[in-house]
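Let me begin by presenting the structure, written as structure tokens, before commenting on it.
The values are calculated or read from the model by the stated rules, or taken from the named source; none is laboratory data. Note that this is a predicted model, so its numbers are computed, not measured. Counting neighbours? That spans all protein chains shown, and the Cβs are built from the backbone with ideal geometry, glycine included. Accessible surface areas use protein heavy atoms only, side chains included; no ligands, DNA or RNA. Shrake-Rupley method; radii C 1.70, N 1.55, O 1.52, S 1.80 Å.
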Amino acid sequence: MTEYKTELRDGMAVDWDVPIEMDDGLVVRADVFRPAGDGRHPVILSYGPYAKGLAFQDGYPSAWERMAEEHPDVPANSSNLYQAWEVVDPEKWVPEGYACVRVDSRGCGRSPGYIDHFSPRETKDFYDCIEWAGVQAWSNGKVGLNGISYYGINQWHVASLKPPHLAAMCVWEGAADWYRDMTHHGGILCTFWDNWYDMQVTTVQYGLGWNGPRSRATGELVCGDETLSEDRLARNRCAFGDEICAHPLDDDYHKARSPNWENIDVPLLSSANWGGQGLHPRGNFEGYVRSAGDRKWLEVHGIEHWTEFYTDYGRKIQLKFFDHFLKGEANGWDEEPRVQLLVRETGRFIPRGEAGWPIPDTEWTKLYLDLENGKLTGAPPPKAAEISYEAMSPGLFFETEPFDAPTEITGPLASKLFVSSSTQDADLFLVVGVYDPDGNEVVFQGAIDPHTPIAQGWLRASHRKLDPVLSEPYRPYHTHDEKQPLTPDEVVELDIEIWPTSIVIPPGYTLRLNVRGCDYEWAGETAGERLSNFKNELKGCGPFLHDDPRDRPPEIFANQVTLHADEARRNYLLLPMIPRR
């Protein structure tokens, strides 16, 4: 294997482009940042596709500029020369006694091979990298995994294989279930991954060579020293969006890219974002609840998807966790609350510890849909009623009376609806919003979108089949293993999962449930609001849209949907009300 170069830079020993051989003989490349001199150190490792040599500032300039400007603790005390997208800054971790290993995944950055995201092949590569790091001369044999998004998602998968040297993992905003969290919300295809592939992966594929970027740290080509033809590059990667579309049910393709929860017993910090509707938070909550181990903690925050990972707030939480499990420090981490929340108010976040999730003293509260008056009420309406809407319209709104005191909703939500369709299927998009006394919606800086509603849920009516073992009243769990087409105009019962949220509703404000047949769009002005790594304008859902005509042919889904209510059909929204403390 090719030799690698070691330098002393900025107080660190840096090994550039270290070769790691996989079990099939392919060699992936890693950069290792470690304390200078002899000694064995705990390892923080990440494995993913975003190119280890691409600076955060170059690959994601709009995100970096906003974060650095609004959170000066992020760029402070670092040259920021080694900052990379969604992984730790080694200049802040190496002085704490850690070796930071960044691996370019197969086919990306400076690692050759065929790109097949989250596949068993990629997960085995990740496993091999962990085991390699655990036996190096500079390693103390304890490997921790840390990183955002992709670098969190694949932690669930590799932990399912139980690598012997894996000692702890921090999944920071990392989805888990390839079907339910990521590719098909409630059975409805999400186009995010197809667009993401174009914007964030093919742009750093191995073989771009001279056509790709250079590292501001080394001056080397970020995407390998070979420059391959467009045809060769295309043959070296899967047709990602097409493959996802070709698997509309939760079949073996999806199961092979999802966790095996009973195997995950490594110490775990699962960190979610209230504003991450459309991608990550469901996996963070499911992972905390369903993973087999008992050494697990849940942390939940807000604002942008990447920011709190790099702030002093997030970094200190991660450091205390890893110091305890990778260094063996008796630093009080084991006495921290198992659930650490930044509870969301309309203008701030309030830290609070809880004993479990859902919060143990939750008062599960049903608000019933009054179809005649557009209200959410504490008692079922006395009269039978029905109301219809066009699926491609803004749909129907149901609103509470103004709250007379601060009211906290923190936890998972759900809804039961009785519907019929003019066609053989229907897509239900549920949006929960908070409105001020003037009727203006209160939206938040979400993980991606600056105008994110409180909560969202989705369900394709033909996917209404429930798993009776895994379903909870507050989190219906659909099997997605068969389609059950509707008979036009025949009423069916739907249980709809709405992803967890947190909000303290001020007095005088109201809560609304919007039932619609297409993606939410904020009513305010969004013209020109974009991020450099996404194709679409940010209109409320970020890049997590459901607009592929292959999955949603208009002759079926541009339909009319009717809600039905009578004594046997009680439509409701289930809310996790938290008693005032």
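Listing for the model above:
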{"item": "Scope the stretch 130-149; condition open to solvent by less than 10 Å² (accessible area, probe 1.4 Å) and touching a helix residue (DSSP H, G or I) at 6+ places or on another chain (Cβ under 9 Å); matching residues", "result": "Ile130, Ser139, Val143, Gly144, Leu145, Asn146, Gly147, Ile148"}
{"item": "Odd one out for Ala355 among (1) open to solvent by 20 Å² or more (accessible area, probe 1.4 Å); (2) under 29 Å from Val515 (Cβ atoms); (3) out of contact with any His (no Cβ under 7 Å at 6 or more places or on another chain); (4) at pLDDT 95 or above", "result": "(2)"}
{"item": "Subset of the stretch 447-459 [closer than 13 Å to Tyr520 by Cβ and either touching a strand residue (DSSP E or B) at 6+ places or on another chain (Cβ under 6 Å) or open to solvent by 10 Å² or more (accessible area, probe 1.4 Å) (or both)]", "result": "His451, Thr452, Pro453, Ile454, Ala455, Gln456, Gly457, Trp458"}
{"item": "Residue list for the stretch 65-83, restricted to those being more than 20 Å from Tyr313 (Cβ to Cβ) and touching a helix residue (DSSP H, G or I) at 6+ places or on another chain (Cβ under 7 Å)", "result": "Ser79, Tyr82"}
{"item": "Considering residues of the stretch 284-322 that are among the aliphatic types (A, V, I, L, M) and not in a loop (DSSP other than H, G, I, E, B) only, the residue surrounded by the fewest Cβ atoms within 10 Å (Cβ to Cβ)", "result": "Val289"}
{"item": "Near pairs, Cβ below 7 angstrom, 6+ apart or cross-chain, from the stretch 214-226 (closer than 17 Å to Asp10 by Cβ and basic (Lys, Arg)) to any residue that is open to solvent by less than 90 Å² (accessible area, probe 1.4 Å) and not in a loop (DSSP other than H, G, I, E, B)", "result": "Arg216/Ala55; Arg216/Asp58"}
{"item": "Answer from Glu401, Glu390, Glu408, Glu386 - the residue that is under 30 Å from the mean Cα position of the chain (by Cα) and of a type in the set (Asp, Glu)", "result": "Glu408"}
{"item": "Residue in the stretch 83-116 that is most open to solvent (accessible area, probe 1.4 Å), counting only those that are more than 30 Å from Ile244 (Cβ to Cβ) and touching a Phe, Trp or Tyr at 6+ places or on another chain (Cβ under 7 Å)", "result": "Glu91"}
{"item": "Scan of the stretch 327-344 for residues that are buried (at least 19 other Cβ atoms within 10 Å of the Cβ) and closer than 22 Å to Ser149 by Cβ, ordered by number", "result": "Val339, Leu341, Leu342, Arg344"}
{"item": "First in the stretch 51-78 and over 20 Å from Ser215 (Cβ atoms), second anywhere and part of a helix (DSSP H, G or I) and open to solvent by 40 Å² or more (accessible area, probe 1.4 Å), Cβ under 8 Å, 6 or more apart", "result": "Asp73/Asp312"}
{"item": "Matching residues, the stretch 509-534, being farther than 21 Å from Ser62 by Cβ and open to solvent by less than 30 Å² (accessible area, probe 1.4 Å)", "result": "Thr510, Leu511, Leu513, Asn514, Val515, Arg516, Gly517, Cys518, Asp519, Tyr520"}
{"item": "Residue list for the stretch 338-374, restricted to those being in contact with a Phe, Trp or Tyr (Cβ under 8 Å, 6 or more places away or on another chain) and within 20 Å of Ser271 (Cβ to Cβ)", "result": "Arg338, Val339, Gln340, Leu342, Val343, Arg344, Trp357, Pro358"}
{"item": "Some residue of the stretch 466-478 being within 25 Å of Gly287 (Cβ to Cβ), free of Cβ contacts under 8 Å to residues at least 24 places away in the same chain, surrounded by fewer than 18 Cβ atoms within 10 Å (Cβ to Cβ) and within 19 Å of the chain's Cα centre (by Cα)", "result": "yes"}
{"item": "Hits in the stretch 417-446 - residues which are open to solvent by less than 10 Å² (accessible area, probe 1.4 Å), among the small types (Gly, Ala, Ser) and either within 25 Å of Gly540 (Cα to Cα) or free of Cβ contacts under 8 Å to residues at least 60 places away in the same chain (or both)", "result": "Ala426, Gly433, Gly446"}
{"item": "Tally, over the stretch 378-405, of residues that are without any contact (Cβ under 8 Å) to a residue 12 or more places away in the chain and buried (at least 17 other Cβ atoms within 10 Å of the Cβ)", "result": "0"}
{"item": "Candidate set: the stretch 32-56, residues that are small (Gly, Ala, Ser) and buried (at least 18 other Cβ atoms within 10 Å of the Cβ); chosen: the one nearest to Trp93 (Cα to Cα)", "result": "Ser46"}
{"item": "Residue match in the stretch 83-102 (condition: part of a loop (DSSP other than H, G, I, E, B), touching a strand residue (DSSP E or B) at 6+ places or on another chain (Cβ under 9 Å), farther than 15 Å from Glu304 by Cβ and among the basic types (Lys, Arg))", "result": "no"}
{"item": "Selection count where residues are under 29 Å from Leu166 (Cβ atoms), part of a loop (DSSP other than H, G, I, E, B) and not hydrophobic (A, V, I, L, M, F, W, C), scope the stretch 248-277", "result": "9"}
{"item": "Meets criteria (at pLDDT 95 or above and open to solvent by less than 50 Å² (accessible area, probe 1.4 Å)) for Ser229", "result": "no"}
{"item": "Ser215 more than 18 Å from the chain's Cα centre (by Cα), open to solvent by 10 Å² or more (accessible area, probe 1.4 Å), among the hydroxyl-bearing types (Ser, Thr, Tyr) and closer than 30 Å to Leu319 by Cα", "result": "yes"}
{"item": "Qualifying residues in the stretch 1-31 (those that are of a type outside the set (Asp, Glu) and within 27 Å of the chain's Cα centre (by Cα)) - the one most open to solvent (accessible area, probe 1.4 Å)", "result": "Arg29"}
{"item": "So Arg570, is it open to solvent by 60 Å² or more (accessible area, probe 1.4 Å), basic (Lys, Arg), more than 25 Å from the chain's Cα centre (by Cα) and at pLDDT 95 or above", "result": "yes"}
{"item": "Members of the stretch 159-199 found to be part of a helix (DSSP H, G or I), open to solvent by 10 Å² or more (accessible area, probe 1.4 Å) and either at positive phi or polar (S, T, N, Q) (or both), listed by number", "result": "Asn195"}
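Residues checked against (1) among the charged types (D, E, K, R); (2) more than 20 Å from Val88 (Cα to Cα):
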| position | (1), (2) |
| --- | --- |
| Arg121 | yes, yes |
| Lys124 | yes, yes |
| Trp132 | no, no |
| Tyr150 | no, no |
| Trp156 | no, no |
| Pro164 | no, yes |
| Ala168 | no, no |
| Trp172 | no, no |
